[in-house]
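Report on one structure; see the data block that follows.
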Number of protein chains: 2
Amino acid sequence: MKVILYMAITLNGIIAKEDDDTSWVTETEWRSYSGMIKKAGNMIIGRRTYEVMLENNEFNKSNLNKIKIMVLTHDASLQIHNPKFVSIAKSPKEAINILHKQGFEMIMVCGGGGLNASFMKNNLVDEIYLDIEPIVFGKGIRLFEDSNFESKLKLLEVKKFSLNEIQLHYEVIKS
Amino acid sequence: MKVILYMAITLNGIIAKEDDDTSWVTETEWRSYSGMIKKAGNMIIGRRTYEVMLENNEFNKSNLNKIKIMVLTHDASLQIHNPKFVSIAKSPKEAINILHKQGFEMIMVCGGGGLNASFMKNNLVDEIYLDIEPIVFGKGIRLFEDSNFESKLKLLEVKKFSLNEIQLHYEVIKS
């Protein structure tokens, strides 16, 4: 089983503007991103990411409405929109365990910054894919919310997926 | 004349740990970095970067002691170690103007995060070179200190300069 963190970021490591805006992510990137998630059949996201995706109709737009979505939250009262496909987990480990028991071999970690950091801090991520958009913002939501961890990486692949966009693929070296 | 921002960063956009530690930057990267600075013959840095480089003997170690160093600071009392080569400027524009008048055609902007952000915010950077080290930190000093700007980029080149390190080269699209 492999746990993969996959995000689109600005060149300076921002995943969304402060108001959650990700409209600067291109269609090309989004197709690559949703394609890999569909292939995996699952995604683990934080509560805010879930609500923003729901609000923007992103599950329907990208045919992500038939994959298993694990929302990480401590709020048991969270209303989920599609109980057949959406579940709640309380911790990164629990989310992974549930998906693993359901038979998934590739488990996708997909933001936001707090969730990403908690998976890294718990040494749970095996590989990182980052699609680098050709843009920088002076501020915004970071790939990893401030947290105490440090991980060495091994570069696996660099891929240009459009004229101005590259994908970096790394293995996380487990300490 | 071209203004170039050149930094080594972690995959998530950090230029130094909170205690200014950059020991995770490889020798290979440092040779590429100091090589380009020597070629340009100058570098603009913030006061803290200047003091950290001085403390770590980095100007001597890398033969950067005969290039023009512009330190950006409002503190006129700053003691500079080598008045023949080190000068003080009060603003990004002033630093560029002084170096341009001295005949430099390639002007290097080299951190820290506050200085980098102020050059970007003032729309003064023409190109960005980032050497991506294969590491992530949960926190640290960011490539750009929080600031209000947004710049579109054009990807010029992707270069693998060691097994695990890549250099990204972008043009800043001037608005």
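The values are calculated or read from the model by the stated rules, or taken from the named source; none is laboratory data. Treat the numbers as computed from the prediction; the structure is a model and nothing was measured. Every residue, glycine among them, receives a Cβ derived from its backbone with ideal geometry; neighbour counts consider all protein chains shown. Remember, those area values only see protein heavy atoms, side chains included, never the ligands or the DNA or RNA. Shrake-Rupley method; radii C 1.70, N 1.55, O 1.52, S 1.80 Å.
Scanning segment B:16-31 for residues that are more than 10 Å from every other protein chain (Cβ to nearest Cβ) and in contact with a strand residue (DSSP E or B) (Cβ under 6 Å, 6 or more places away or on another chain) yields B:Ala16, B:Thr22, B:Val25, B:Thr28, B:Glu29.
Tally time: how many residues in segment A:1-50 are polar (S, T, N, Q) and assigned to a strand (DSSP E or B)? Let's see the steps before the verdict.
Step one: of segment A:1-50, the residues polar (S, T, N, Q) are A:10, A:12, A:22-23, A:26, A:28, A:32, A:34, A:42, A:49.
Add one more test, that the residue is assigned to a strand (DSSP E or B), and what stays is A:10, A:42.
Of the residues in that region, 2 qualify.
Can you say whether B:Met36 is closer than 26 Å to B:Tyr170 by Cα and more than 14 Å from chain A (Cβ to nearest Cβ), as far as the supplied structure shows? In short, yes. Inclusion of B:Lys17 among residues that are touching a Phe, Trp or Tyr at 6+ places or on another chain (Cβ under 8 Å) and open to solvent by 10 Å² or more (accessible area, probe 1.4 Å) is warranted. Selection of segment B:63-94 for residues being hydrophobic (A, V, I, L, M, F, W, C), more than 12 Å from B:Arg47 (Cβ to Cβ) and at pLDDT 95 or above yields only B:Ile67.
For the condition open to solvent by 30 Å² or more (accessible area, probe 1.4 Å), under 16 Å from A:Met7 (Cα atoms) and not hydroxyl-bearing (Ser, Thr, Tyr), what is the one hit in A:Glu145, A:Glu127? Steps first, answer last, please.
Numbers: A:Glu127 fails: open to solvent by 30 Å² or more (accessible area, probe 1.4 Å).
Going through A:Glu145, A:Glu127 in turn, just one is open to solvent by 30 Å² or more (accessible area, probe 1.4 Å), under 16 Å from A:Met7 (Cα atoms) and not hydroxyl-bearing (Ser, Thr, Tyr): A:Glu145.
Based on what the data block shows, is B:Lys66 touching a residue at least 12 places away in the same chain (Cβ under 8 Å), part of a helix (DSSP H, G or I) and either basic (Lys, Arg) or loosely packed, with under 15 Cβ neighbours inside 10 Å (or both)? Give the steps one after another, and end with the answer.
Numbers: touching a residue at least 12 places away in the same chain (Cβ under 8 Å): yes; part of a helix (DSSP H, G or I): no; either basic (Lys, Arg) or loosely packed, with under 15 Cβ neighbours inside 10 Å (or both): yes.
Answer is no for this residue.
Segment A:90-175 holds strands (runs of 3 or more DSSP E) entirely within its bounds, and those carrying 2 or more residues that are in contact (Cβ under 8 Å) with a residue 60 or more places away in the chain and more than 10 Å from chain B (Cβ to nearest Cβ) map to A:106-109, A:127-133.
A search for C-beta distances below 9 Å between a residue of segment A:32-51 that is closer than 21 Å to A:Ala76 by Cβ and of a type in the set (A, V, I, L, M) and any residue that is part of a strand (DSSP E or B) and open to solvent by 20 Å² or more (accessible area, probe 1.4 Å), counting only pairs 6+ apart in sequence or on different chains, returns A:Met43/A:Lys68; A:Ile44/A:Leu72; A:Ile45/A:Leu72.
If you go through segment A:99-122 and pick out every residue that is open to solvent by 50 Å² or more (accessible area, probe 1.4 Å) and in contact with a strand residue (DSSP E or B) (Cβ under 8 Å, 6 or more places away or on another chain), you end up with 3. Scanning segment B:70-87 for residues that are farther than 16 Å from B:Phe119 by Cα and of a type in the set (A, V, I, L, M) yields B:Ala76, B:Leu78, B:Ile80, B:Val86.
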